[in-house]
1. Which one is surrounded by the most Cβ atoms within 10 Å (Cβ to Cβ) among residues in the stretch 185-197 that are in a helix (DSSP H, G or I) and in contact (Cβ under 8 Å) with a residue 40 or more places away in the chain?
2. Could you give me the residue pairs with C-beta distances under 8 Å whose first residue belongs to the stretch 5-21 and is hydrophobic (A, V, I, L, M, F, W, C), whose second residue is modelled with pLDDT of 95 or more wherever it lies, and which are 6+ apart or on separate chains?
3. Just need a number here: residues in the stretch 128-184 that are over 19 Å from Ile62 (Cα atoms), over 15 Å from the mean Cα position of the chain (by Cα) and aliphatic (A, V, I, L, M).
4. Which one is farthest from the chain's Cα centre (by Cα), of the residues in the stretch 200-213 that are at pLDDT 90 or above and either surrounded by fewer than 16 Cβ atoms within 10 Å (Cβ to Cβ) or under 18 Å from Trp4 (Cβ atoms) (or both)?
5. When the residues of the stretch 21-47 are narrowed to those that are among the aromatic types (Phe, Trp, Tyr) and over 14 Å from Gly218 (Cβ atoms), which ends up modelled with the highest pLDDT?
6. May I ask you to list the residues in the stretch 18-50 that are among the β-branched types (Val, Ile, Thr) and closer than 16 Å to Ile65 by Cα?
7. Among the residues of the stretch 15-34, write down those that are outside any helix (DSSP H, G or I) and either surrounded by 14 or more Cβ atoms within 10 Å (Cβ to Cβ) or of a type in the set (D, E, K, R) (or both).
Amino acid sequence: MLGWIAILILTILFSTTAYSYLLAKAKRWGMIYPTALFSGLTILANIFAVQFVQLGPLLFPIAVIPYAITFTITDITDEVLGRKPTHHIVWAAGILNIVAAAVIWLSINVPAAPNSVSFRDVLTITPRVFAASAITFFISQHHDVWAFHFWRQKTEGKYLWLRNNASTSVSQLIDTVLFFTLAFGAVLPWSIIAKLIFSQYLIKLLIAIADTPFVYLGVKIFNRFHDANY
């Protein structure tokens with residue numbers, strides 16, 4: 001258990017630190033690097049969405065880790081750059097997931113060459129997972145950006161911890177309910193889906209609370225390393 005928590009903390013630390021630094025250097029290097037990292041996390045989340053983990057009474061996909069980090073990243077981006085650039089990286093990642101779903105569907109349905117390795121058994125449900133994720137991703141991430149900006153106005157730019165948790169907690173609930181309903185409805189028993197929704201949302205909520213220091217760290221890294229006249 002302690003090893004699991006340690007890896008989780010290190011993963012969030014490395015991801016947010018790397019992203020914040022790349023974002024700070026975007027004027028010189030372009031937005032392609034932070035966008036690629038953000039998009040890559042969403043792809044990883046979708047690939048591992050069908051691998052469930054049992055942790056005591058909780059049942060959830062390991063994908064909760066990379067996916068939860070994407071909300072940390074959007075909050076950092078919204079805080080330092082504002083809504084428009086944040087919407088841009090959300091759209092880029094969403095489009096990539098749609099393309100990935102199409103390519104995976106082709107890999108399943110196009111006849112494989114003789115003696116070629118077939119991924120049909122592994123990827124059969126994946127296009128549906130990617131499609132469900134793309135829909136919920138657009139809805140939940142755009143809500144997260146909107147909610148973060150809403151609370152930023154209400155708090156007059158103060159209380160970053162409140163804006164981070166208030167926006168992410170609701171966005172994660174929307175994402176979790178929609179995703180499991182669309183991805184696994186009529187595939188898994190509804191009792192299992194309900195357990196998955198409860199378990200994953202609880203894990204996401206705990207990560208959202210725990211990632212607050214990383215949001216502050218990301219903003220600090222951006223302010224420390226961003227190019228002049230950004």
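1. Of the residues in the stretch 185-197, the ones in a helix (DSSP H, G or I) are 190-197.
Cutting the leftovers down to in contact (Cβ under 8 Å) with a residue 40 or more places away in the chain gives us 192, 195-196.
On the way: Ile192: 14, Lys195: 18, Leu196: 21.
Checked the stretch 185-197; the qualifying residue surrounded by the most Cβ atoms within 10 Å (Cβ to Cβ) is Leu196.
2. none
3. The number of residues fulfilling the criteria is 4.
4. Pro213
5. Within the stretch 21-47, the subset among the aromatic types (Phe, Trp, Tyr) is 21, 29, 33, 38.
Right, trim to over 14 Å from Gly218 (Cβ atoms) and you get 29, 33.
Values: Trp29: 88, Tyr33: 91.
Selected residue: Tyr33.
6. Let us first name the residues in the stretch 18-50 that are among the β-branched types (Val, Ile, Thr), namely 32, 35, 42-43, 47, 50.
Across the stretch 18-50, the qualifying residues are Thr42, Ile43, Ile47, Val50.
7. We begin by selecting, within the stretch 15-34, every residue outside any helix (DSSP H, G or I); these are 25, 30-31.
Scanning the stretch 15-34 gives Lys25, Met31.
The values are calculated or read from the model by the stated rules, or taken from the named source; none is laboratory data. Not measured: the values here are computed from a predicted model. Reconstructed Cβ throughout: ideal geometry from the backbone, glycine too, with neighbour counts over all protein chains shown.
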